[in-house]
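Comments concern the structure below.
The values are calculated or read from the model by the stated rules, or taken from the named source; none is laboratory data. Model, not experiment: these values are computed from the prediction. Every residue, glycine among them, receives a Cβ derived from its backbone with ideal geometry; neighbour counts consider all protein chains shown.
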Amino acid sequence: MRRPSLFMLAFVCTLLASPVWANGSPTVYFSTGATSPSVIYSLDTSSGTYTALVSTSNADYEGLVVLPDNSTAPNEPTYLLYACDTANSRVVRFNPGASTPITPEIVYSGGALTHPQCGRGTSKGDLIVTSTDTGKNGGWWSFAGIANLALGSGGSQIPKQLFVPKVNSGSVDEGVAMKNVGDLLIVDHAGNQILRSSGPISSEFSEQSPYTTATPFITGLSGPIGIARKTTGEIFVTNQTHPGIMKFNAQGQSGATCVSFQNHNTPAFLQMSLDDVLYAGNTQQNGKGQLLVVNAGTCTVTRTFSSSTFPPVVGIALPPMSASLTAVSSDQSTFAFNVGDSALFQVLTGGSCTSTPTATASEVSPVSLSGLIESIPNGDLPFGGTPAVDLWADGFEVVFDATFSQCQLAGSSYEETISSFVDPTVVTSGTMAFCDLQISGCETVNLIGTYPLGGLLPADSTYTGGTKVNSRFFDINATPSQNGQFCGYESPFGTTNPPGVAASFSSGGTISVKFKLADSSGTCKKGPFIQTAVALISVAQLCAPGSTTGDLICSPKGQAVLSPTNLVTIFPEGNSTPTPPIFKFGNNQYQFSLSLKGYSPGIYSLTTTFETGETTEQTVLFQVQ
């Protein structure tokens, strides 16, 4: 059995508010499709002016997507715009901020992939595109790591086909969206449905490779083309046969008309901004284009870009942006900021605020975050670290800048928590960074627990002597030294890895959690054994048996254990355990006597984090009956 890698999973609760002051993106990129020539424009949403960036004869620029530029080459932009020319089986990219007219870099032109349609980016820097072909030449394909290549060095890429439709299936794939957990939602135009393809998280639990499956998710559509997902999970789809935009809940149910178009209009692709403004492309009966701006919460068209000379609007892409957030608070001491799956939770003890704090969530490129990580002292990250990129954000990571100018924090303690969906094959040792933006440099905060199978990455710090006006928080994947061999949890746990349940206990009892940590030069049977590690225990209730919330399901047998998390306070039993949540070392093993008093029935995760960096986090599941 392939062992699932560990991961952090987002926590979403009804207390959290969606972003406010939804102004949308300041810039929108759009393509004109099979016009002569085919043009890609940049639209300034404040002035309504649009500028031609790329113009190509005999092309058909349709799907667009923005990915970060992860190259460390000098003078690189922070992001690039990718476009699919379906007529010529070509994929191009360019810096939309360059001087016009722009000659795009051709990264693919002809080959096994024909008639590509862009697409989404992954947290690893891959570009995923679909093909409008039917049968075995269709499906979806991946350009692995293309966002990590400097502009000008990405020519002649060879994509890999991830999903091959059945012969004569008639599948035609168009728009693509991505759920918070990283699963793809792909428009099957000919089948009048939306397909769902499992991403890194879901694939770990089904033991399949990411994006190699396809299951019907929404059916009964009428000529669907575009798709977008709201940060809170709702899904929007354009239909062309009966022109309009449909809205569905996060499970693809409860479909209803969001926006209606007149007959003979041709709605095309959709895109959603970080603050939940929906952009819809449309071509009217007279051939002129429209770009509709829609409040995704109310399905109200708030603005329409259109004129007697406005070009057709087919593909849409948005640059990385920031969204302003107002905290949700019931007592002016506990604050929550969220956008999409990412959330910042803050608890203030001993201080007070005269007004509700605000925060800004921003989509930041990994290269930009790497610079902040490099400023962290070696003592915090002795072996280095990398950004923990959000799965759903096209390769960007969401960071939070919180403002507390109206809070008196002197002598108070402060606890911050970040949650996010990340790639389980990449993020295996999560920690959290704090940056005081008034002082250069950042640091990591002291972990009080990590919950890679359930959601939150908490940390706490104590601030004294004044107020913190601007503070930045983001997740990091710390690099362990790998000088330790985790020898597995000992009895009473079995050897079953997640998503299986390794043991079952009764509420009110005590678990003796034990393991050995061998030196990399030895063996788990004979040693030598590491005696100086600092090991942290964290426990979370994943869900009650049989419960479901949103996309996330917990079954009684522990399969597909993905659900909101209830964090469990660690209580030791007896005198053999030091101050929780730290393991005690003795007799060549680490041990913690965990009390189960007050545990309700359900499935729980138990994670050991090595703060001294000997190896990656280790998680086991157990059930309380």
The one condition Asp188 fails out of (1) closer than 22 Å to Arg93 by Cα; (2) out of contact with any His (no Cβ under 8 Å at 6 or more places or on another chain); (3) surrounded by 19 or more Cβ atoms within 10 Å (Cβ to Cβ) is (1)
By residue number, the members of the range 174-195 that are farther than 18 Å from Asp423 by Cβ and either free of Cβ contacts under 8 Å to residues at least 40 places away in the same chain or part of a loop (DSSP other than H, G, I, E, B) (or both) are Asp188, His189, Ala190, Gly191, Asn192, Gln193, Leu195
Return yes when Thr231 is in contact with a strand residue (DSSP E or B) (Cβ under 9 Å, 6 or more places away or on another chain), modelled with pLDDT under 95 and within 15 Å of Ala296 (Cα to Cα) and no when it is not. yes
Of the residues in the range 508-518, those that are of a type outside the set (Lys, Arg) and within 35 Å of the chain's Cα centre (by Cα) number 5
When the range 127-173 is checked residue by residue, the ones that are aliphatic (A, V, I, L, M), under 17 Å from Gly395 (Cβ atoms) and assigned to a loop (DSSP other than H, G, I, E, B) are Ala144, Leu149, Ala150, Leu151
How many residues of the range 129-149 are more than 16 Å from Tyr61 (Cα to Cα), in contact (Cβ under 8 Å) with a residue 24 or more places away in the chain and not charged (D, E, K, R)? The answer is 13
By residue number, the members of the range 513-533 that are among the β-branched types (Val, Ile, Thr), buried (at least 19 other Cβ atoms within 10 Å of the Cβ) and part of a strand (DSSP E or B) are Val513
Across the range 609-621, the tally of residues that are aromatic (Phe, Trp, Tyr) and modelled with pLDDT under 90 stands at 0
How many residues of the range 454-512 are in a strand (DSSP E or B), at pLDDT 85 or above and either closer than 20 Å to Thr609 by Cβ or of a type in the set (A, V, I, L, M) (or both)? The answer is 15
- Message: Any residue that is among the hydroxyl-bearing types (Ser, Thr, Tyr) and on the phi < 0 side of the Ramachandran plot - is there at least one of those in the range 155-168?
- Response: no
TODO: Would you check if Asn75 is without any contact (Cβ under 8 Å) to a residue 24 or more places away in the chain and surrounded by fewer than 23 Cβ atoms within 10 Å (Cβ to Cβ)?
DONE: yes
_Flag for Phe493 being aromatic (Phe, Trp, Tyr) and surrounded by fewer than 19 Cβ atoms within 10 Å (Cβ to Cβ)_ = no
Filtering the range 567-596 down to residues that are assigned to a loop (DSSP other than H, G, I, E, B), under 35 Å from the mean Cα position of the chain (by Cα) and modelled with pLDDT under 90 yields Thr569, Ile570, Phe571, Thr579, Pro580, Pro581
Residue in the range 129-142 that is buried (at least 19 other Cβ atoms within 10 Å of the Cβ), within 14 Å of Leu64 (Cβ to Cβ) and in the same structural domain as Gly191 (by TED's automatic domain parsing) present
yes
Those residues of the range 301-339 which are closer than 28 Å to Thr266 by Cβ, touching a residue at least 40 places away in the same chain (Cβ under 8 Å) and of a type in the set (Gly, Ala, Ser) amount to Gly315, Ala317
Picked from the range 344-370 (must be surrounded by fewer than 18 Cβ atoms within 10 Å (Cβ to Cβ) and modelled with pLDDT under 90), the residue nearest to Glu397 (Cα to Cα) is Val347
Filtering the range 98-116 for residues that are surrounded by fewer than 16 Cβ atoms within 10 Å (Cβ to Cβ), assigned to a loop (DSSP other than H, G, I, E, B) and out of contact with any Ser or Thr (no Cβ under 6 Å at 6 or more places or on another chain) leaves a count of 7
